[in-house]
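To start, the structure under review is shown below, and the notes come after it.
The values are calculated or read from the model by the stated rules, or taken from the named source; none is laboratory data. This is a predicted model, so every value here is computed, not measured. Cβ atoms come from the backbone with ideal geometry, glycine included; neighbour counts cover every protein chain shown. Only protein heavy atoms, including side chains, enter the accessible area calculation; ligands, DNA and RNA are left aside. Shrake-Rupley method; radii C 1.70, N 1.55, O 1.52, S 1.80 Å.
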Amino acid sequence: MNLTCTSYHCSARAFVAKPFYLFIAYCKLNIAYWLLPVAFCLLPFLLLSQTTETPATEQQLENITENNEDAETEDDYYLQQMQQYIKNPINLNTAGETALKELRILNPIQIQNLILYRNLFGKFINIYELQAIPAWNIELIQKIRLYVSVSDEVKLINSLRKRLSGGEHSVLVRVTQTLERSKGFLIDSSSATNFYPGSPQKLLLRYKYQFKNLLQYGILAEKDAGEQFFKGKQKQGFDFYSAHFFVRNIGVIKSLALGDFTVNMGQGLTQWQSLAFKKSADVINIKREAEVLRPYNSAGEINFHRGAGITLQKRNVQTTFFTSYKKIDGNFVADTSQSREDFISSLQTSGYHRTNSETVDKSIQQQLAFGGNISYQHKKLHLGINGIQYKFKLPLKKSSDLYNLYALAGKDFGNYSFDYSYTYKNIHLFGEAAATNNMYKAFVNGILISTASSVDMSFLYRNISKGYQSLYTTAFTENTFPTNEKGFYAGLSIHPGSIWRVDAYADFYKFPWLKFRVDAPSTGTDYLVQLTYKPNKQLEIYSRFRSESKVIDFNPGQLTLSPVVAQPKQSWRTQFVYKLNTDITLRNRVELLWFNKNTSRQEQGFLTYFDFLYKPLLRPWSGNLRFQYFETDSYNSRLYAYENDVLYSYSIPVFYDKGLRYYVNANYDVNKKLSIWLKWSQTVYKNKTLIGSGLDEIKGNKKSEIKLQVLFKF
């Protein structure tokens, strides 16, 4: 079916109505078939996993997946941390600036106002006293109330022996499998060299011990689908192992990390390995804030350090040192020239080690990293100096394509920066100035302004040289990594009362040098406006319009020089959330997308889903289900939708072509120590006989996945 209008002047009303009529007709034709699994799922009435993410967070995670070429992040520290805050809430009567930053909900002005209010008027008596703080409101209090408390100060237990014996042990086991066998599993291994020799299950095993937020240690083991297990090239069992030990607040030691950990400095120009959000409807959330050192026990095999790190604090001065050594994946190239210097043409970041070519690349490169941070904090002023240096066994040497002229090269390089922040009344300034060892520079500077009790504004300017390169960084940029970009971002949030809220941003950027698939300097724009209506605790509706334009090579005539053309894309999304009662929540989303509108290459996309969430009070079971329909003209008009998943997990599939998808989550707490989660999902395509490509190609029109997770605490 083609959703394209026959006339460029067709009305928006006709376009909106057409997919709905098609959807209704399609459901009528298939109602008997589709209602069977839904009815089967409803019978047990065991439906839902955790739903700690807000709509703004879901949008941010969807944006990360889209910008990372559909690759979902495996860093679940954020989810683990929020669950830990539910068990051990942050005490607002004693929490410092660092602890409040870790919530990722409060902006710097709100944090400074809370601390100032507490210093002036003493401890809080009730959480709703927070309404009296400038820049705080009921909506914000409702967001954080799960994760904070108001109580008299209790002296922390600083004894390491007590921390090692008074915490909680947990063992998590997760098994995921796509039920339909892809091409990589069906190839005859006796006559082929490129296939998947391992089992189709993805396995995750994690043991963790945690005492509040003061001490934790654990090990993690993970195997992807298609990787061998205790045989072949994986005789050690799992493909990836991780271990960590992390302790906080022991005398002058603010944090100590052994094993695997992440490093986060400045505004992400020098180093930022933890999950970081970019543009979204949360238009004020543009500043990077986190502890320099964080424990790492996620399944991702790339964004972390392996070694030791320590943060020391004495009065207003904080110092961090770290060192790391690990083997990483890379595309090895044997040099056949007279110099005979082998090199790495690219660093591999997929984490897959299934086929022969993937296993050959595993751990081929050796990386040594060391660096640190020195910061000074005086009241509302923060100053910091950051640095990191890398050394490799084999030199990096990218292909000779012109866009790689300024790419990372050689055996060693470094990044160094200065960062600052300062709050003056209702204005917060922040930024970072960085340089490489070749003196290519990068700058990020931002300002947050609370102009009135109902109006907040944010501005950010970035100027990053085409030669500025870094590893393991995530700044507030349009590019995935901070390089080759100049831009200006402006955000506005208006919330005149507790019912209405308007959020909008505009981002203008340009890339001074060439990029992959863009053979000329280019420019782009990105606009978003979202209206949220929340008349009571039961109902929330938001409607969002987004328009963005990027350029890309377009050369159907095979010219010598590829012309670059703009590819505008607009989308309109409306989502309803209605809490029927204390147990049941209903959710519905409708999204329309226009790609290259009013051109000969125009495409359109449509997606809608309905969620039923059930979480009864004082019951051991909970769960949810989703029924979804999508239709797009091609991959260019693809859409994304956040999905609830088992605990400490989420998924954001990409949807294109035409089909239906449904999934069911179920959670049952057998007792206080043992909990079980089960998720079953299936996507069914219309008029399609092959799904995917290459070794991931599946014959047929269905793709089903089952996920089982068991968590045991003791």
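In region 299-306, is there at least one residue being aliphatic (A, V, I, L, M), in contact with a Pro (Cβ under 9 Å, 6 or more places away or on another chain) and at pLDDT below 95?
No, because not a single residue in region 299-306 is aliphatic (A, V, I, L, M), in contact with a Pro (Cβ under 9 Å, 6 or more places away or on another chain) and at pLDDT below 95.
Suppose the filter is buried (at least 16 other Cβ atoms within 10 Å of the Cβ), aliphatic (A, V, I, L, M) and closer than 22 Å to Asp633 by Cα; does Leu593 pass it? Yes.
When you scan region 288-295, do you find a residue that is open to solvent by less than 10 Å² (accessible area, probe 1.4 Å), under 27 Å from Asn415 (Cα atoms), touching a Phe, Trp or Tyr at 6+ places or on another chain (Cβ under 9 Å) and among the small types (Gly, Ala, Ser), even just one? No, region 288-295 contains no residue that is open to solvent by less than 10 Å² (accessible area, probe 1.4 Å), under 27 Å from Asn415 (Cα atoms), touching a Phe, Trp or Tyr at 6+ places or on another chain (Cβ under 9 Å) and among the small types (Gly, Ala, Ser).
Kindly evaluate Gln682 against the criterion of being surrounded by 16 or more Cβ atoms within 10 Å (Cβ to Cβ), in contact (Cβ under 8 Å) with a residue 12 or more places away in the chain and either among the basic types (Lys, Arg) or over 18 Å from Arg206 (Cβ atoms) (or both). I'd like the intermediate steps shown before the answer.
Details: surrounded by 16 or more Cβ atoms within 10 Å (Cβ to Cβ): yes; in contact (Cβ under 8 Å) with a residue 12 or more places away in the chain: yes; either among the basic types (Lys, Arg) or over 18 Å from Arg206 (Cβ atoms) (or both): yes.
Answer is yes for this residue.
Per-residue answers, yes or no, for (1) modelled with pLDDT under 95; (2) more than 30 Å from Leu100 (Cα to Cα):
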site	(1), (2)
Leu172	no, no
Leu179	no, yes
Lys183	yes, yes
Thr193	yes, yes
Tyr207	no, no
Lys212	yes, no
Ala221	no, yes
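Conditions tested, residue by residue: (1) buried (at least 18 other Cβ atoms within 10 Å of the Cβ); (2) at pLDDT 95 or above; (3) not hydrophobic (A, V, I, L, M, F, W, C).
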{"position": "Arg354", "(1), (2), (3)": "yes, no, yes"}
{"position": "Gln366", "(1), (2), (3)": "no, yes, yes"}
{"position": "Phe370", "(1), (2), (3)": "yes, yes, no"}
{"position": "His378", "(1), (2), (3)": "no, no, yes"}
{"position": "Ile385", "(1), (2), (3)": "no, yes, no"}
{"position": "Lys391", "(1), (2), (3)": "no, yes, yes"}
{"position": "Asp401", "(1), (2), (3)": "no, no, yes"}
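Here is a yes/no grid of residues against (1) buried (at least 18 other Cβ atoms within 10 Å of the Cβ); (2) in contact (Cβ under 8 Å) with a residue 24 or more places away in the chain; (3) not in a strand (DSSP E or B):
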position	(1), (2), (3)
Asn438	no, yes, yes
Ala442	yes, yes, no
Leu448	yes, yes, no
Thr451	no, yes, no
Tyr461	no, yes, no
Gly467	no, yes, yes
Thr474	yes, yes, yes
Thr477	yes, yes, yes
Thr480	no, yes, yes
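Being touching a residue at least 60 places away in the same chain (Cβ under 8 Å) and open to solvent by 60 Å² or more (accessible area, probe 1.4 Å) is a property that holds for Phe516. The residue list Ser547, Ser562, Ser493, Ser543 contains one member that is in a loop (DSSP other than H, G, I, E, B), surrounded by 15 or more Cβ atoms within 10 Å (Cβ to Cβ), in contact with a strand residue (DSSP E or B) (Cβ under 9 Å, 6 or more places away or on another chain) and of a type in the set (Ser, Thr, Tyr), which is Ser562.
This table checks each residue for (1) open to solvent by 40 Å² or more (accessible area, probe 1.4 Å); (2) touching a strand residue (DSSP E or B) at 6+ places or on another chain (Cβ under 8 Å).
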{"site": "Asn107", "(1), (2)": "no, yes"}
{"site": "Ile111", "(1), (2)": "no, no"}
{"site": "Leu114", "(1), (2)": "no, no"}
{"site": "Gly122", "(1), (2)": "no, no"}
{"site": "Glu129", "(1), (2)": "yes, no"}
{"site": "Ala132", "(1), (2)": "yes, no"}
{"site": "Glu139", "(1), (2)": "yes, yes"}
{"site": "Arg145", "(1), (2)": "yes, no"}
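Within region 223-233, at least one residue is out of contact with any Ser or Thr (no Cβ under 9 Å at 6 or more places or on another chain) and surrounded by fewer than 21 Cβ atoms within 10 Å (Cβ to Cβ).
For Lys183, are the conditions met, namely being free of Cβ contacts under 8 Å to residues at least 40 places away in the same chain, over 22 Å from Pro89 (Cβ atoms) and within 33 Å of the chain's Cα centre (by Cα)? So Lys183 does not fit the description; no. Could you check region 66-105 and list, in sequence order, the residues that are touching a strand residue (DSSP E or B) at 6+ places or on another chain (Cβ under 6 Å), more than 22 Å from Ile284 (Cβ to Cβ) and modelled with pLDDT of 90 or more? Result: Pro89, Asn91. Whenever a residue of region 497-513 is more than 27 Å from Gln131 (Cα to Cα), its partners that are open to solvent by 50 Å² or more (accessible area, probe 1.4 Å), lying with C-beta atoms within less than 6 angstrom and at least six residues away or across chains, give the pairs Ala506/Tyr527; Phe508/Phe488; Lys510/Lys486; Lys510/Thr523; Pro512/Lys466; Pro512/Pro521; Trp513/Lys466.
Return yes when Ala308 is open to solvent by 30 Å² or more (accessible area, probe 1.4 Å) and farther than 23 Å from His353 by Cβ and no when it is not. So Ala308 passes the test. Just one of (1) open to solvent by less than 10 Å² (accessible area, probe 1.4 Å); (2) touching a Pro at 6+ places or on another chain (Cβ under 7 Å) fails for Asp583. It is (1). What do you reckon, is Thr423 among the hydroxyl-bearing types (Ser, Thr, Tyr), over 26 Å from the mean Cα position of the chain (by Cα), crowded, with 16+ Cβ neighbours inside 10 Å and under 21 Å from Asn264 (Cα atoms)? Criteria not met by Thr423.
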